[in-house]
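K.L.:
I have a structure I would like to understand better, so I am pasting it below and will then ask my questions one at a time.
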Amino acid sequence: MTTFLSGIFTRSVGKKIAMGITGLFLISFLIVHCAINATIFVNDGGKVFNEAAHFMGTNIFIRIMEIVLFAGIIWHIVQALILTLDSRKANSVKYAKFDGKANSKWYSRWMGLLGTLILMFLVVHLLDFWAQARFTGLGIPPVMIDGKEYENMYGKMLEVFSVGWVVVVYILGMISLAYHLMHGFQSAFQSLGLNHKKYTPVIKLTGTLFSIFIPLIFALMPIAIYFGFLK
Amino acid sequence: MNLTLKIWRQKNKNAEGKFETYPVKDVSPDMSFLEMFDYLNEELINKGEEPIAFDSDCREGICGSCSMWINGRAHGPVPGVTTCQLHMRSFKDGETITVEPWRAKAFPVIKDLVVDRSSFDKVIAAGGFVSINTGGAQDGNTILISKDDASEAFSASMCIGCGACVAACKNSSAMLFVSSKIFHFASLPQGKVEAKTRVQNMVAKMDEEGFGDCSNTYACEAQCPKEISVEKIAKMNREYLTAKLT
């Protein structure tokens, strides 16, 4: 019993478990974020979306989860940095010839790079929306929905995604996310010890579909707005 | 067959190593990779040069001694075989073959292609055993073991400890080896008794010996000459978590 919990997240196996837990938590966030933002495709001038955004911005549970989310992102990143540095230490001499593609997927070997690209995208994304909604104000007038005043997050989206290079940055961000998830989704289950002959093929298929469709739906948002499909 | 070999030469643990190029003529396609090395070494000895040091023992794919990184892959291009079971017919005439030692901090090079894998022995000593009191052995059939459990233990016991998993891993992680050694025992009733301490002690020793962390690229499974599944690693994660939480 003296060993209870000691080193649970510091040993090599524990570090994987931490990556898996935080990864799955971030995946659950993606589902919520994607579902809410997809309401823009209702194409009602942002009515449902602005109401949903208002709920997300004011609900106490969501606001607490927002802090947990940032903690989760930071833990995921710090853990990844520790993993990378440990691996460098364990593997200081490289092979002259390394046939990586013969034994693993490129995106499995380049998770750190993909994660860095996602982080860069995240900074741009947070400055575009979150930072303004929380701190500086959107800089555009609010809208009236059913006699009530709402912050015009939808109007902000239309404004941000009217710029071509921003749309390109968002698409590249989503491509990075897709490949990161392609490895990360099933990898999280493996790290948590959830590998089973019956269920693993289902988890892998779900992971692949998730990695394609969630980033695709996200990417379609700036694309649809830029090309004027949404009013 | 005529081949060009680019081989890592290193005098000792502390010396700087470098690649040397050796042309090898009239190689039979039926030679094993190690026999081709014997052939080359004979030539070097006849010329008065230092032969190339490499590990080998049983030469029938079960001892785990041979350990060569051939053309960017552990045990060469054919899946599911050790270097000694790799034959020259798997290469093209005129090909240049690059041969390197396993690369990992926990496997320091001793000489040329020979690495020190005693870190594996230390991990085994930390928990890769079953404590049995001495005395008269009881009848084997008194302990009932299902076929599934027996097969699981057997598939784990396939590990020959060659180190290809560590060599192939971009993180130099030993998790496929360690998890195999754990479930070699933990799948059976006699081994279950010490399951909790075993997983914790072996994982701790693995970390201490300087092996890296696993990031689930599954390169180990792809290059394991015994084709052991990464399912073992997931089971180890599960067992580790259970041991820590209960």
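K.L.:
When you go through B:VAL123, B:VAL130 one by one, which is the residue that is at pLDDT 95 or above and out of contact with any Ser or Thr (no Cβ under 8 Å at 6 or more places or on another chain)?
P.N.:
Numbers: B:VAL130 fails: at pLDDT 95 or above.
The match here is B:VAL123.
K.L.:
For A:GLY193, only one of the following conditions fails: (1) under 23 Å from B:SER215 (Cβ atoms); (2) modelled with pLDDT of 95 or more. What is its number?
P.N.:
(2)
K.L.:
Can you tell me which residue is farthest from B:SER179 (Cα to Cα) among those in the stretch B:209-231 that are surrounded by fewer than 23 Cβ atoms within 10 Å (Cβ to Cβ) and acidic (Asp, Glu)?
P.N.:
B:GLU209
K.L.:
Which numbered condition in (1) more than 20 Å from the chain's Cα centre (by Cα); (2) of a type in the set (A, V, I, L, M); (3) at the interface with chain A (Cβ under 7 Å from one of its Cβ atoms) is the only one that B:ALA219 fails?
P.N.:
Condition not satisfied by B:ALA219: (1).
K.L.:
Oh, and also: Kindly evaluate A:TYR199 against the criterion of being open to solvent by 80 Å² or more (accessible area, probe 1.4 Å), at pLDDT below 95 and among the aromatic types (Phe, Trp, Tyr).
P.N.:
yes
K.L.:
Now a separate question. So for the stretch B:70-90 (the condition being surrounded by fewer than 14 Cβ atoms within 10 Å (Cβ to Cβ), of a type in the set (D, E, K, R) and more than 20 Å from B:LYS232 (Cβ to Cβ)), does at least one residue qualify?
P.N.:
Yes, because at least one residue in the stretch B:70-90 is surrounded by fewer than 14 Cβ atoms within 10 Å (Cβ to Cβ), of a type in the set (D, E, K, R) and more than 20 Å from B:LYS232 (Cβ to Cβ).
K.L.:
Among the listed residues B:PHE154, B:PHE185, which satisfies the condition of being of a type in the set (Phe, Trp, Tyr) and surrounded by fewer than 21 Cβ atoms within 10 Å (Cβ to Cβ)?
P.N.:
Working: B:PHE185 fails: surrounded by fewer than 21 Cβ atoms within 10 Å (Cβ to Cβ).
Step by step, each of B:PHE154, B:PHE185 is checked, and only B:PHE154 is of a type in the set (Phe, Trp, Tyr) and surrounded by fewer than 21 Cβ atoms within 10 Å (Cβ to Cβ).
K.L.:
Please verify whether A:VAL78 is open to solvent by less than 100 Å² (accessible area, probe 1.4 Å) and touching a Lys or Arg at 6+ places or on another chain (Cβ under 8 Å), treating the condition exactly as stated.
P.N.:
no
K.L.:
In the stretch B:43-52, is there at least one residue being open to solvent by less than 40 Å² (accessible area, probe 1.4 Å) and at negative phi?
P.N.:
Among the residues of the stretch B:43-52, at least one is open to solvent by less than 40 Å² (accessible area, probe 1.4 Å) and at negative phi, which makes the answer yes.
K.L.:
Further question on the same structure: State all residues of the stretch B:188-208 that are charged (D, E, K, R) and open to solvent by 10 Å² or more (accessible area, probe 1.4 Å); if no residue qualifies, say none.
P.N.:
Passing the criteria: B:LYS192, B:GLU194, B:LYS196, B:LYS205, B:ASP207, B:GLU208.
K.L.:
Identify all residues within the stretch B:237-246 that are at the interface with chain A (Cβ under 7 Å from one of its Cβ atoms) and open to solvent by less than 30 Å² (accessible area, probe 1.4 Å); write none if there are none.
P.N.:
B:ASN237, B:TYR240, B:LYS244
K.L.:
Okay, next question. Determine whether A:LEU113 is of a type in the set (A, V, I, L, M), within 14 Å of chain B (Cβ to nearest Cβ) and within 17 Å of the chain's Cα centre (by Cα).
P.N.:
Here the answer is yes, as A:LEU113 does meet what is asked.
K.L.:
Kindly indicate whether any position in the stretch B:190-212 is assigned to a helix (DSSP H, G or I) and among the aromatic types (Phe, Trp, Tyr).
P.N.:
No, the stretch B:190-212 contains no residue that is assigned to a helix (DSSP H, G or I) and among the aromatic types (Phe, Trp, Tyr).
K.L.:
Is it the case that the stretch B:163-179 has a residue that's more than 23 Å from B:ASP55 (Cβ to Cβ), modelled with pLDDT of 95 or more and part of a helix (DSSP H, G or I)?
P.N.:
For the stretch B:163-179, residues more than 23 Å from B:ASP55 (Cβ to Cβ), modelled with pLDDT of 95 or more and part of a helix (DSSP H, G or I): present.
K.L.:
Any residue in the stretch A:102-115 that's without any contact (Cβ under 8 Å) to a residue 24 or more places away in the chain: show its pairings with residues that are acidic (Asp, Glu) at Cβ separation under 9 Å, as long as the two are six or more apart or on different chains.
P.N.:
Every condition considered, the pairs that remain are A:ASN103/B:GLU221.
The values are calculated or read from the model by the stated rules, or taken from the named source; none is laboratory data. On a predicted model such as this, the values are computed, not experimentally measured, just so you know. Backbone-built Cβ (ideal geometry, glycine too); neighbour counts: all protein chains shown. Ligands, DNA and RNA are excluded from the accessible area calculation, which covers all protein heavy atoms including side chains. Shrake-Rupley method; radii C 1.70, N 1.55, O 1.52, S 1.80 Å.
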